[in-house]
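Any read-out appearing in this document is the output of simple, stated calculations on the displayed coordinates, not a laboratory observation. Note that the structure is predicted; figures quoted are calculated from it, not measured. Cβ placement follows ideal geometry from the backbone for every residue including glycine, while neighbour counts extend to all protein chains displayed.
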Amino acid sequence: PRVPRWALLLALSVPIWAHSQVLRLAQQTTDAVEVMAAPGDTVTIDVRADLGSQAASGLRFFIRVPREDFVILDTSNRTMVRNVVSPPFVQGHLFRGAVEVRNDVLSDTDPTTVDARWQMMEYAALLGPAAERGRSGSGIVASFRIVCPPTPAAGTIAIHQDPIHESQLVMADGLTEKPFLLGTPLAIHVDVETVVRPTGWADVKLEMRS
C-alpha cells in the first residue's frame, strides 16, 4: 500500500534521538552543558541516559577530560593517584544495584591510550539475573567530580567513542549490545571574573559610587 505523504513527513520530522538510546553529560543541579566556573571550583557532572522504551541490563562508557587543566576527584573527594585503585564515579539511580565491573581512570601507560592530552575514565555496570534485570526510562547512571585549574582556562569534557573505547548499552538479555547516540560535549569556562563579577543590586550601588 502507498504511504500517505503526510505520514512520511511526520516520520522524517521526528528527531533522531527519539529512535535511539542517548547518553549525555550535564552539570548537576543545573543540567547545563556549558558551565561558567571560577578557578579552583569543584564541578559535579552527571552522566545521563535516556533509554526510551528499551529494556537494558547495563552499560559501558568512556569519558575524556583534559589532562593539564582539570583534576579528577575520587569518590572520597581525593585527587586521583595513578596506579592506585580509586573509583571516580558514584553510581546513579537508573542502574542502582548493578555490579560495577569497571570504575576507574585508565593508566598513563595503558596501551589503548589514544591521546596523551586526555585523561580517560571508564565505567561499566551490569545487573544480575533477576526479575527486574531490565531497566528503562531516563535518569542518572553515574556522577563524577572535577576541580578546575587555578588560572583561567577553557576545555571540553566528552563521552569518548572509538573502535577500542566503545560506549554501549547492554540489553535485558545480558548479551546484546547497542551503541548510544552521544550528546554534546560539556564545555567549561574558568574565569576569574566569575568570582568577582557583581550582579543585581551590587551593580547599581557601584554605579552610584562612580
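A simple spin-label model places the labels of GLU68 and THR42 2.7 nm from each other, with each point 7 Å out along Cα-to-Cβ. The phi torsions of region 165-179, fed into the Karplus equation with coefficients 6.51, -1.76 and 1.60 and a -60° offset, translate into couplings of 9, 9, 8, 9, 9, 9, 6, 4, 6, x, 10, 5, 10, 10, x Hz, rounded to whole numbers, with Gly and Pro shown as x. Here the gap between SER138 and SER76, fully extended at 0.36 nm per residue and compared with their Cα-Cα distance, gives a gain of 19.7 nm.
The modelled label-to-label distance for the pair VAL90/GLN28, using points 7 Å beyond Cα in the direction of Cβ, is 0.3 nm. Amide H to amide H, with H built 1.01 Å from N, ASP41 comes under 5 Å of CYS148, counting only residues 5 or more places away or on other chains. Here the simple spin-label model places points 7 Å from the Cα toward Cβ, and for ALA116 and LEU181 these points are separated by 3.8 nm.
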